[in-house]
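Asks: The structure is given below, and queries will be raised subsequently.
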Amino acid sequence: MSLLRHLLNLDLSGSTDKIIAEYIWIGGTGREMRSKARTLPGPVSDVREIPKWGFDGTSTGQASKHGVEVILCPQAIFRDPFRRGSNILVLCDTYGPEGVPIPSNKRFHAAEVFSQPAVVAEEPWFGIEQEYTLLQKDHHWPLGWPIGGYPSPQGPYYCGVGANKAFGRDISDAHYKASLYAGINICGTNAEVMPGQWEFQIGPTLGISASDELWIARYILERITEVAGVILSLDAKPIQGDWNGAGAHTNFSTKSMRTEGGIKEIKKAIEKLALWHKDHISGYGDGNEKRLTGLHETAHIDTFSWGIANRNASIRISRDTEKAGKGYFEDRRPASSMDPYLVTSMMAETTILWNSSLEPNGSKG
């Protein structure tokens with residue numbers, strides 16, 4: 001094992017100019033991540049220097065016919081915290097042989113939205129709070145919980161300290177540092193309300209970059225839990241009963257919201273979100289009906305609401321924003337399993353591009 005560890009940590013910089021690029025993409029379910037590596041002739045600083053690649057789409061649920069190749073198109077690069085040196089992680093989206101984005105490629109539409117002149121002018125910022133649950137590998141039961149049993153009721157675990165309160169801090173801390181190394185704009189982490197549950201935050205980050213960074217942060221977390229022998233769960237309600245679910249609260253602001261008098265723009269945006277509530281909920285992640293019950297710091301899935309510093313509302317405006325008369329708002333509806341490309345592009349479409357001449361709860365086109 002010591003030799004294996006030595007080889008894994010081997011520094012290649014003194015013996016070759018070649019680097020390893022780990023191509024990463026979203027699989028057929030739209031939730032799991034896939035990756036494979038290839039050698040590039042030298043260090044890369046621009047994603048346009050990275051060649052396209054392909055894979056057998058039938059093996060990932062992304063093609064219906066045997067042998068159909070799906071094309072990987074590099075979209076963003078990050079430093080590789082596992083191989084280090086000049087090695088990179090390459091985030092890709094997916095296309096059929098004819099060059100058309102396949103159904104699981106939600107990034108393509110998001111990129112179209114964020115390239116619209118009206119959206120570009122508003123400089124949309126996102127901050128995403130990703131909650132997740134760590135499960136014991138052999139039992140699929142939360143880390144730190146007695147097998148087949150339950151810990152003491154939730155209360156002491158949120159931001160808790162101690163061996164009987166914080167389960168998985170080493171994973172959270174390793175992920176924090178690895179994400180910073182990769183170049184991800186991770187801004188914090190904490191233990192969550194349910195024991196064995198944690199959260200990290202991405203942002204504020206401009207436009208589609210927030211989603212790119214969240215997906216890579218998820219990939220890094222998945223790799224770390226792989227090494228630790230722990231299962232990563234993004235289930236919106238991993239344990240039924242009197243336990244908090246797992247969300248991905250999405251904080252949002254535009255240039256108009258961040259300038260003087262921006263609170264008016266925030267309230268206009270919330271009015272639009274109210275009209276499109278059902279449409280947004282349908283794209284805010286699987287299993288959300290189990291989480292959005294009106295309990296455990298959530299609003300009910302069938303009801304749209306907003307409030308100042310209200311964690312039981314669909315949309316929360318912070319007291320700092322209210323006091324300053326400008327700032328951001330928090331959409332508390334997205335589930336932990338949500339696709340950030342869907343959520344962020346829907347928020348931008350609804351609040352920036354949509355106008356009252358279009359029918360609510362229909363198609364924005």
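The values are calculated or read from the model by the stated rules, or taken from the named source; none is laboratory data. Keep in mind that this is a model prediction, so the values were computed, not measured. Backbone-built Cβ (ideal geometry, glycine too); neighbour counts: all protein chains shown. These area figures cover heavy atoms from the full protein model, side chains too; ligands, DNA and RNA do not enter into them. Shrake-Rupley method; radii C 1.70, N 1.55, O 1.52, S 1.80 Å.
Asks: Working only within region 103-142, note down all residues that are closer than 16 Å to residue 345 by Cβ and either part of a loop (DSSP other than H, G, I, E, B) or touching a Lys or Arg at 6+ places or on another chain (Cβ under 6 Å) (or both).
Replies: Across region 103-142, the qualifying residues are 103, 104, 105, 106, 115, 116, 122, 123, 124.
Asks: In addition: Restricting to region 274-293, and then to whatever is of a type in the set (D, E, K, R) and touching a residue at least 60 places away in the same chain (Cβ under 8 Å), can you tell me which residue is least open to solvent (accessible area, probe 1.4 Å)?
Replies: 279
Asks: Please identify the pairs in which a residue from region 96-117 that is without any contact (Cβ under 8 Å) to a residue 12 or more places away in the chain and more than 19 Å from residue 352 (Cβ to Cβ) has its Cβ atom under 8 Å from the Cβ atom of a residue that is crowded, with 17+ Cβ neighbours inside 10 Å and of a type in the set (S, T, N, Q), counting only partners at least 6 apart or on another chain.
Replies: Hits for this filter: 101/94.
Asks: Here is a follow-up. Just need a number here: residues in region 56-81 that are open to solvent by less than 70 Å² (accessible area, probe 1.4 Å) and out of contact with any helix residue (DSSP H, G or I) (no Cβ under 9 Å at 6 or more places or on another chain).
Replies: Looking only at that region, the number is 9.
Asks: Tell me which strands (runs of 3 or more DSSP E) are completely within region 174-253 and hold 2 or more residues being of a type outside the set (A, V, I, L, M), or say none if there are none.
Replies: Filter on region 174-253 gives 186-191, 197-206, 248-253.
Asks: Here is a follow-up. For residues in region 312-365 being at pLDDT below 95 and of a type outside the set (S, T, N, Q), which is most open to solvent (accessible area, probe 1.4 Å)?
Replies: Applying the filter and picking the extreme gives 359.
Asks: Exactly one of (1) touching a residue at least 40 places away in the same chain (Cβ under 8 Å); (2) open to solvent by 40 Å² or more (accessible area, probe 1.4 Å); (3) closer than 24 Å to residue 222 by Cβ is unmet by residue 53. Its number?
Replies: The failed condition is (1).
Asks: If you take the residues of region 1-21 that are in contact (Cβ under 8 Å) with a residue 40 or more places away in the chain and not hydrophobic (A, V, I, L, M, F, W, C), which of them is least open to solvent (accessible area, probe 1.4 Å)? Write out each step before concluding.
Replies: First, pick out the residues of region 1-21 that are in contact (Cβ under 8 Å) with a residue 40 or more places away in the chain: 11-13, 19-21.
From the residues that got through so far, the ones that are not hydrophobic (A, V, I, L, M, F, W, C) too are 11, 13.
Details: 11: 108, 13: 90 Å².
Per the criteria, the residue is 13.
Asks: Next question, about the same structure. Output yes when any residue across region 94-109 is more than 28 Å from residue 328 (Cβ to Cβ) and basic (Lys, Arg), and no when none is.
Replies: Start the filter on region 94-109 by keeping residues that are more than 28 Å from residue 328 (Cβ to Cβ), which leaves 94-105.
After this cut, where a residue has to be basic (Lys, Arg) as well, the list is none.
No.
Asks: Suppose we keep only residues that are closer than 27 Å to residue 309 by Cα and under 12 Å from the mean Cα position of the chain (by Cα) within region 214-259. Which one would you say is surrounded by the fewest Cβ atoms within 10 Å (Cβ to Cβ)?
Replies: Per the criteria, the residue is 249.
Asks: Just give me the residues in region 182-192 being open to solvent by 20 Å² or more (accessible area, probe 1.4 Å) and either more than 20 Å from residue 89 (Cβ to Cβ) or aromatic (Phe, Trp, Tyr) (or both), in sequence order.
Replies: Hit for region 182-192 is 190, nothing else.
Asks: Here is a further query. In region 294-311, which residues are over 22 Å from the mean Cα position of the chain (by Cα) and surrounded by 15 or more Cβ atoms within 10 Å (Cβ to Cβ)?
Replies: 304, 305, 306, 310
Asks: Out of (1) farther than 23 Å from residue 190 by Cα; (2) touching a strand residue (DSSP E or B) at 6+ places or on another chain (Cβ under 6 Å); (3) open to solvent by 50 Å² or more (accessible area, probe 1.4 Å), the odd one out for residue 270 is which?
Replies: Answer for residue 270: the failing condition is (3).
Asks: Among the residues of region 82-109, how many are more than 18 Å from the chain's Cα centre (by Cα) and more than 16 Å from residue 32 (Cα to Cα)?
Replies: Result for region 82-109: 14.
Residue-wise test of (1) in contact (Cβ under 8 Å) with a residue 24 or more places away in the chain; (2) of a type outside the set (S, T, N, Q); (3) surrounded by 20 or more Cβ atoms within 10 Å (Cβ to Cβ).
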position	(1), (2), (3)
89	yes, yes, yes
121	yes, yes, no
141	no, yes, no
147	no, yes, no
159	yes, yes, no
164	no, no, no
180	no, yes, no
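Asks: Tell me, please, whether a residue that is closer than 20 Å to residue 126 by Cβ, at pLDDT 95 or above and either within 21 Å of the chain's Cα centre (by Cα) or acidic (Asp, Glu) (or both) can be found in region 155-177.
Replies: Here is the first cut: in region 155-177, the residues closer than 20 Å to residue 126 by Cβ are 175-176.
Cutting the leftovers down to at pLDDT 95 or above gives us 175-176.
If we keep only those that are either within 21 Å of the chain's Cα centre (by Cα) or acidic (Asp, Glu) (or both) as well, we get 175-176.
Within region 155-177, one or more residues are closer than 20 Å to residue 126 by Cβ, at pLDDT 95 or above and either within 21 Å of the chain's Cα centre (by Cα) or acidic (Asp, Glu) (or both).
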